[in-house]
Amino acid sequence: MRPARSFTAELVRNLLRKRDFYAGGLIILLGLVMALKGPTYRLGTLMHMGPGFLPTALGVILIFLGILIAGAAFGVPPGEDEDILPAHPEWLGWACILAGPLCFILFGSYFGLIPATFTCVFVSALGDRNATLRAAATLAAVVTVFGVGLFSYLLQVPMPLLTWRGL
Amino acid sequence: MERLVIATALTDLWYGFGVAVQPHNIMWCFIGVLVGNMVGVLPGMGPLATISILLPLTFGIKPVGAILMLAGVMYGAQYGGAICSILLNLPCHPPHAVTCLDGYPMTKQGRGGVALGLTVMASFVGASWGITEMIFLSPILVRVALEFGPAEICSLMLLGLLAGSTLARGSPLKGVAMTVLGLMLGIVGTDLETGAERFTFGMTHLDDGIELVALALGLFGIAEFMNSINQVTSVNTKYANVRLRDMRPTKDDVKQAIAPMFRGTLVGSLCALIPGTGPTIASFVAYATEKKISRHPEKFGTGLIEGVIAPEASTHSSVQGDFIPTMSLGIPGDAVMALLLGALMIQGIVPGPQLIKEHPDIFWGLVASFWIGNIMLVLLNVPLIGIWVKLLTISYKYLYPSALFFVSIGVYAANNDMFQVGETVVIGILGYVLLRLGFHPAPILLGFVLGPRFEENFRRAMLISRGDIGVFVERPISAVFIGLCVLLIALQIYVRLRGPKNAIVTPPALESAE
């Protein structure tokens, strides 16, 4: 047993582990951005409201809500509501999910719809725990054929199938 | 007078059928319910994500067809969700979670087919009642709402937003915070009145505001995929072999089901009238009611037909009823309704009480298509149930990469703009962070859709009252709405203060307290 720490230190330590502490913090942060940026758009008067009025008001409300949310974390006993990350973080899966649409942007801008579709599906399919390169490539090929048929021919989305815009 | 109301309603409905049976409209309705039914069954794909993906594809078709199709996805998914719950014990969609309790035991006893057959029947009855309600209540609501000035509209929106964010899942405080965030996101872009660019941070792509499709697909597509990757467990389809002839209920089954069916319908339609209480709450209330009035409440959970029929009828009646405030007042009750309103706005149609008068083809066409769509769903579900069960076994590892492609191309096709695909990714990350911190992103969409209209009406109300904020409580109708808001908040605080007292009774809370 370590010597007992002061009550406040224990309280703060407990608070720093709480999910709601960070939830409230994020809301306060968003509120601060709005409340500080809002007045730069001209507040106006209540009768003739400027473009900055509502954002500032909403920002102040958000800050209040954030304080309430974070404050509620005080009442939670230690050990509860501390799971900010899931039990098994899926870093690879998350990265692949985000990389899929980014590949679509990159390849779509430079090489056209076919490579964009293929890479988007291929890369995101790799995020599954049981994924193999071959299965991912097969799925990507199937979706590409189907997707090009649907979007390019049937729905006429104006995007070249294959192109070269250089690097 | 009453006879006149009924006669007008029937004439309008007749006109609506005229619109809805036009071949292309029937086609869109059919596509909508078919896709909806399918995604309702697919684990990990909800109606929200599906409607958002389809949304950009509807820009090219006429507003009537677009809204018929998107609404079809919405109620079609409800039919699919029941299959998931009853046959596989999977609460794919929140409104059907409670159906698992008695539906799955029935399946284990080999009565899954009967449960499904009766569910389809109850769904149709529930939906029909919801539609009837819409036909008669909407014109009355509209007549009242047309008298509203900006102050009343503001207070009503406030009530809608507050109810939508506090009565849904999770902490009410967090719900309100999400609504405010949504209002804020709705403000991004060029201010229509003064031309000031707000929160664009110098990006010209944001001048037109955040794209609805990007927001919806970020929150309900990418964030959801991040949440469920490698989490979806394989499903057990051992009991899920249902043939057509299994679905025919016996006379006794039907007799047993009729009373709960009507009670469920009633509960659902009452829930639809209270803003913010969507189908999920309706189904839970219906189940609880059945259990309370039952002569053998201890048997619930062992496969009672009442426990399946009442919540399902209630869900469907409430889903259709949710369209009432959305279409007649322009105030959506939940995120799906907000998305449908957004779809109308993209088509250049201003939602609100004037919608029925200005676009009768949309309103009455939609009402009529509900019936046509529901009949299609009954016909579809009976023979296709085998195929739907097969769909259930599609692994998530094939589903989400394909869905990500649909998300990407869908957002791109909305404006032929790659920037918005990036916007979706950023919103997706934010959405996932919010999910992990215990926020439910649905109210964001509610605030986002209502944001610009709220600001416009607030400004107008202040201009008329010469800057007197008291106008909201001085005008009687507005005062009633504000009073309801206060009541709602007081109720939430009351529940919160009483909460710990109830928690002590439950064993798990006791353990952790010691």
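Based only on Cα atoms, what mean projected area does the convex hull of segment A:16-167 have, in nm²?
Value for segment A:16-167: 15.4 nm².
Ignoring ligands, DNA and RNA, what percent of the accessible area of chain B is carbon or sulfur (1.4 Å)?
Roughly 67 percent of what the probe reaches on chain B is carbon or sulfur.
State, to one decimal in nm, how far the label point of A:PHE74 lies from the label point of B:ARG496, with both points 7 Å from Cα in the Cβ direction.
In this crude spin-label approximation the distance works out to 1.3 nm.
To the nearest µm²/s, what D does Stokes-Einstein give for segment B:332-416 at 10 °C and 1.306 mPa s, using the Kirkwood radius over alpha carbon pairs as Rh?
97 µm²/s
Using only Cα atoms and rounding to the nearest 10 degrees, what angle (0 to 90) does helix B:335-346 make with the longest principal axis of chain B?
Computed tilt is about 50 degrees.
Relative to the longest principal axis of chain A, what angle (0 to 90°, nearest 10) does the C-alpha long axis of helix A:113-125 take?
Around 50 degrees separate the two axes.
List the lysines whose Cα sits under 27 Å from the Cα of B:LYS174, skipping any in the same chain fewer than 8 residues away.
Straight-distance partners of B:LYS174: A:LYS18, A:LYS37, B:LYS501.
I need the calculated FRET efficiency for the pair B:MET27 and B:VAL426, taking r as the beta carbon distance and R₀ as 41 Å, to the nearest 0.05.
Efficiency, from the Cβ-Cβ distance: 0.65.
At a Förster distance of 60 Å, what's the computed FRET efficiency of A:ILE84 paired with B:GLU298, Cβ-Cβ distance as r, to 0.05?
Step by step, r from the Cβ atoms, then E = 0.90.
Net charge around B:ILE131, counting only other residues with Cβ within less than 14 Å of its Cβ (Lys, Arg = +1; Asp, Glu = -1)?
Here the count lands on -3.
Of all the accessible heavy-atom surface of chain A, with the other protein chains kept in place and a 1.4 Å probe, what percent is carbon and sulfur?
72 percent
Report, to the nearest 10°, how far helix B:23-41 tilts away from the longest principal axis of the Cα atoms in chain B, using its own Cα long axis and a range of 0 to 90°.
The angle comes out at about 70 degrees.
Just the number, please: buried accessible area between A and B, total of both chains, 1.4 angstrom probe, nearest 100 square angstrom.
5500 Å²
Using amide H atoms built 1.01 Å from N in the peptide plane, name the residues 5+ places from A:GLY44, or on other chains, whose amide H lies under 5 Å from its own.
So A:GLY44 has HN proximity to A:GLY50.
Please check segment A:92-108 for residues whose accessible area, probe 1.4 Å, is lower by 50 Å² or more when all protein chains are in place than in their chain alone.
A:TRP94, A:ILE97, A:LEU98, A:PRO101, A:PHE104, A:ILE105
Beyond 32 Å, what share of the Cα-Cα pairs of the protein assembly as shown is found? Please give it as a whole percent.
Tail fraction, whole percent: 53.
Restricting things to Cα coordinates, could you compute the convex hull volume per residue of chain B in Å³?
It is 168 Å³ per residue.
With each pseudo-label sitting 7 Å past Cα toward Cβ, what's the B:LEU435-B:VAL480 distance in nm, one decimal?
In this crude spin-label approximation the distance works out to 4.1 nm.
What's the Cα-based Rg to Rh of segment A:97-163, Rh via Kirkwood?
Over the Cα atoms of segment A:97-163, Rg/Rh equals 0.99.
Checking the table B:LYS251/B:LYS390; B:LYS62/B:LYS397; B:LYS108/B:LYS255 against a 32 Å threshold on Cα-Cα, which pairs fail?
As for pairs spanning more than 32 Å Cα to Cα, those are B:LYS62/B:LYS397.
Multiplying the sequence separation of B:ILE258 and B:ILE61 by 0.36 nm and subtracting their Cα-Cα distance, what value in nm do you get?
Stretched fully, the B:ILE258-B:ILE61 segment lengthens by 66.8 nm.
Cα centroid distance between segment A:106-167 and segment B:191-228, in Å?
Taking the Cα centre of each part, segment A:106-167 and segment B:191-228 sit 25 Å apart.
Give the list, by residue number, of cysteines in the protein assembly as shown with no other Cys Cβ closer than 4.7 Å, or say none.
Cysteines lacking a close Cβ partner in the protein assembly as shown: A:CYS96, A:CYS103, A:CYS120, B:CYS29, B:CYS100, B:CYS154, B:CYS271, B:CYS485.
Restricting to Cα atoms and excluding each atom paired with itself, what does the Kirkwood estimate give for segment A:27-81 in Å?
12.2 Å
Find the accessible area per residue for the protein assembly as shown; the probe is 1.4 Å, ligands and nucleic acids are left out, and the unit is Å².
Using a 1.4 Å probe on heavy atoms only, each residue of the protein assembly as shown averages 44 Å².
May I ask for the equivalent-ellipsoid semi-axes of segment B:37-106, computed as the square root of five times each C-alpha gyration tensor eigenvalue and listed largest first in whole Å?
28, 10, 7
Round to a whole angstrom and tell me the spacing of the C-alpha centers of segment B:405-436 and segment B:353-397.
27 Å
Keeping all protein chains in position, work out how much accessible area B:LYS397 exposes to a 1.4 Å probe, and write it in Å² to the nearest 10.
Here the residue's solvent-accessible area equals roughly 60 Å².
Distance in nm between label sites at B:ASP468 and B:LEU273, each 7 Å beyond Cα in the beta-carbon direction?
If labels sit at B:ASP468 and B:LEU273, their model points lie 3.5 nm apart.
If you look at just the Cα atoms of segment B:277-421, how large are its Rg and its Dmax in Å?
Every Cα atom of segment B:277-421 included, Rg and Dmax give 19.9, 61 Å.
The values are calculated or read from the model by the stated rules, or taken from the named source; none is laboratory data. Nothing here was measured: the structure is a model prediction, and the numbers come from that model. Reconstructed Cβ throughout: ideal geometry from the backbone, glycine too, with neighbour counts over all protein chains shown. For the accessible areas, the whole protein counts, side chains as well, though only heavy atoms, and no ligand, DNA or RNA atoms are used. Shrake-Rupley method; radii C 1.70, N 1.55, O 1.52, S 1.80 Å.
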